[in-house]
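Below is one structure; the comments refer to it alone.
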Amino acid sequence: MIDTLKPFIQQVWEKSGFQTITAVQEAAIPAILEGQDVIAESPTGTGKTLAYLLPLLHKIDPNSPGLQAVVLASSQELVMQILQEYQKWSEGSGIRGTSIIGGANLKRQLEKLKKRPHIIFATPGRLLELIKQKKVKMHEVKMIVLDEGDQLLIPEHLTAVKSIVKSTMSDRQVVLFSATLKSGAEKIAMEMTMEPKVIRIVKDEAAESGIVEHIYFLCERRDKIKLVEKIARLENSKSLAFINDIGELQVFQEKLHFKDLSVGILHSELKKLDRQSTLNAFRDGKLKMLIATDVAARGLDIQGITHVVHIDLPKDLSQYVHRSGRTGRMGADGTVISLVTEREERELKQHCRNLKVPLHKRIFYKGKIAEEEQKIRR
């Protein structure tokens, strides 16, 4: 299938060393190339970005000066991550792309628009603002992509997203990708699209994944911080930990910094530059642990995560799957750790029964994760 795409895409594919395309790419790329609307649900780490980006780049005419495509995402980080992928895959194509995100310098963004981009990667609020000011003309747009679509179809973004889609001509193509798609979001997506091809990829069909062990530590709520500290000290670890409450995040960071641990935090109220530098430090291995809220970590692609830590139990099964899918990617092994009270233990066991994954209770012994019997034997 890659052989049917333009030569510049084929060249980057060869350089990247990819052997095979993933299930979601196999299903979505031909449909998008044919001009169909698409609604795709596929787990984290299955190659959704390339599933829409490669056919989108193939369809762009670099000789036509107008704006031809818009890619929407719910967070600044996700927009910048997609932009980086675009820069890599559009090399030598003559296709111009730019980012338009809330919180960034408006004057600088207007300067970027003067260069007549073919593709805009944007957060909905800022893009709609520029459309209303007639700084972005949408009449030539042939494709709109909603990345992490379920996050774009929540009340916070929905009005802006609907207005952006309405600002294009009726023959435009709408494609939506998401790791999870609840029935309410899917209903809205159906209303925005015309006879879409609906793609659902289950975990079994997804990209090759390594062995993921699901374990838990039983503790009192107040002792969770001590366990997080021990996990942050594990050798050769790169842990992504999830917490539900922003206020508690700050407390955790202060206590862990006091213990001289390299831990960063990520939440939606952080300034853009602080978020970016924390993410870069975590990606580069300068931070061993990143503690985040679900909203802040949504859609971020961070390679090499060895441990996913549920400091707070996820609110439902789909959130457990979504968080846990950050480790054990691209053939690497991983560990999912839940820190639970006695009450939470029952709920966690139910999640794992539903997922048909074995769950093991563990303790810390001499700074390492161990089975309880090991401590007794010694």
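Taken together, the values in this text are just the output of simple stated rules run on the coordinates, not laboratory data. What you see is a predicted model; the values in this text were computed from it and never measured. Positions of Cβ are generated from backbone atoms using ideal geometry, with glycine treated the same way; all protein chains shown enter the neighbour counts.
Here are the numbers for the structure shown:
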item: Size of electric dipole in the stretch 2-205: Cβ of Lys, Arg +1 and of Asp, Glu -1, about Cα centre, debye, nearest 20; result: 1100 debye
item: Crossing angle, helix 48-59 versus the chain [Cα axis fit, 0-90 degrees, rounded to tens]; result: 10 degrees
item: Rounded Å value of the spacing that divides the Cα centres of the stretch 270-297 and the stretch 102-136; result: 25 Å
item: Sum of -39500 (n - 2.57) over DSSP H runs of 4+, divided by residues of the chain (222 nm, nearest 500); result: -12000 deg cm²/dmol
item: Separation of alpha-carbon centers, the stretch 67-90 and the stretch 159-238, rounded to whole Å; result: 17 Å
item: Acute angle (nearest 10 degrees) that the helix 76-89 long axis makes with the longest principal axis of the chain, alpha-carbon atoms; result: 60 degrees
item: GluC sites (Glu not before Pro) restricted to DSSP loop in the stretch 211-274 with at most 13 other C-beta within 10 Å; result: 220, 235, 269
item: Label-to-label distance, nm, for residues given as residue 235 and residue 345 (7 Å Cα→Cβ offset); result: 3.0 nm
item: All lysines inside 23 Å of residue 137 as judged from Cα atoms, apart from same-chain residues fewer than 8 positions distant; result: 59, 107, 112, 114, 115, 162, 166
item: Residues 54, 348, sorted so that the one with the fewest Cβ neighbours within 10 Å comes first; result: 348, 54
item: For the chain, built as a Gaussian network whose Cα springs stay under 10 Å, the top-fluctuating residue of 38, 357, 308; result: 357
item: Charge dipole of the stretch 2-205 about the Cα centre (unit charges at C-beta), most positive-ward option of 198, 130, 75; result: 130
item: Sorted by Cβ density within 10 Å, fewest first, the residues 286, 349; result: 286, 349
item: Candidates per chymotrypsin sites (Phe, Trp or Tyr not before Pro) in the stretch 1-51, loop by DSSP, up to 16 other Cβ within 10 Å; result: 18
item: Extreme residue, positive dipole direction of the stretch 237-355, given options 282, 297, 261 (C-beta unit charges); result: 282
item: Selection of chymotrypsin sites (Phe, Trp or Tyr not before Pro), the stretch 228-322, meeting DSSP coil and at most 15 other Cβ within 10 Å; result: none
item: Cα centre as origin, Lys/Arg/Asp/Glu Cβ charges: the chain dipole, Debye; result: 1020 debye
item: Order of 327, 180, 22 under a 10 Å beta carbon neighbour criterion, fewest first; result: 180, 22, 327
item: Hull volume in cubic angstrom per residue (convex hull over the Cα atoms of the stretch 212-377); result: 122 Å³
item: Förster radius 22 Å - calculated FRET efficiency between residue 315 and residue 191, Cβ distance, rounded to 0.05; result: 0.25
item: Packing-based order for 65-76, 137-148, 92-103, 359-370, using average beta carbon neighbours within 10 Å, highest first; result: 65-76, 137-148, 92-103, 359-370
